[in-house]
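Data first, discussion second: the structure below is written as structure tokens.
The values are calculated or read from the model by the stated rules, or taken from the named source; none is laboratory data. What you see is a predicted model, and the numbers here were worked out from it, not measured in a lab. Ideal geometry is used to build each Cβ from the backbone, glycine not excepted, and the neighbour counts take in all protein chains shown.
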Number of protein chains: 2
Amino acid sequence: MLVLITYDVNTETAAGRKRLRKVAKQCVNYGQRVQNSVFECILDAAQCFQVKHILEQIIDPKQDSLRFYYLGNNYKTKVEHIGAKPTYEAEGVLMV
Amino acid sequence: MLVLITYDVNTETAAGRKRLRKVAKQCVNYGQRVQNSVFECILDAAQCFQVKHILEQIIDPKQDSLRFYYLGNNYKTKVEHIGAKPTYEAEGVLMV
């Protein structure tokens, strides 16, 4: 299924900037970056549980937030992109 | 239906920062801000067409991007939030 992960990390402090880098680094392991703080990931239930658990350990829940959107398996018609940057298909094929 | 709008605007220039403010201001008219560059909007087809058209006029398609995710009407189980900030139900009721 397609899982969209979006995050807000408070980068006012060095510790915050470090959290942001860590969150992004983990998300890269699970999916495609489509915008600065937006990743599209094709995950099964176990992988989804795993990435949520990893990200929860990184963020400061008082300052940062994560959102997960579950778009199911028939997601291709549910996503639209306008403007800059190539969009990447979540399964790895570059769409131009 | 729930439409998720995410955007990346290049804010390296004053013109870019102005575009960012304009995009955010328009999104506020159509939905709830759930993260810095993420809005959840309950829209019918006409409103969706309208907001897309408005945002397309604001952004610089060479530098900025918009993404739209269509989550349908049964979206409540498709969204999960972890961490800071209250989440707002897209129809306006604060979830605590």
Q. Counting residues that are facing another protein chain (nearest Cβ under 7 Å) and surrounded by 15 or more Cβ atoms within 10 Å (Cβ to Cβ), which strands (runs of 3 or more DSSP E) fully inside region B:1-91 reach at least 2?
A. B:2-8, B:32-35, B:65-72, B:79-83
**Q.** Failed criterion for B:VAL96 (all others in (1) at pLDDT below 95; (2) under 22 Å from A:LEU71 (Cα atoms) hold)
**A.** (2)
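Sort through A:SER37, A:SER65 and tell me the only one that's in contact with a His (Cβ under 9 Å, 6 or more places away or on another chain) and within 11 Å of A:THR6 (Cβ to Cβ).
Details: A:SER37 fails: in contact with a His (Cβ under 9 Å, 6 or more places away or on another chain).
Exactly one residue qualifies, and that residue is A:SER65.
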Q.
For region A:48-86, give me the residue count where each residue is in contact (Cβ under 8 Å) with a residue 24 or more places away in the chain, more than 18 Å from A:ARG33 (Cα to Cα) and of a type in the set (D, E, K, R).
A. 2
Q | Subset of region B:14-55 [hydroxyl-bearing (Ser, Thr, Tyr) and modelled with pLDDT under 95] | A | B:SER37
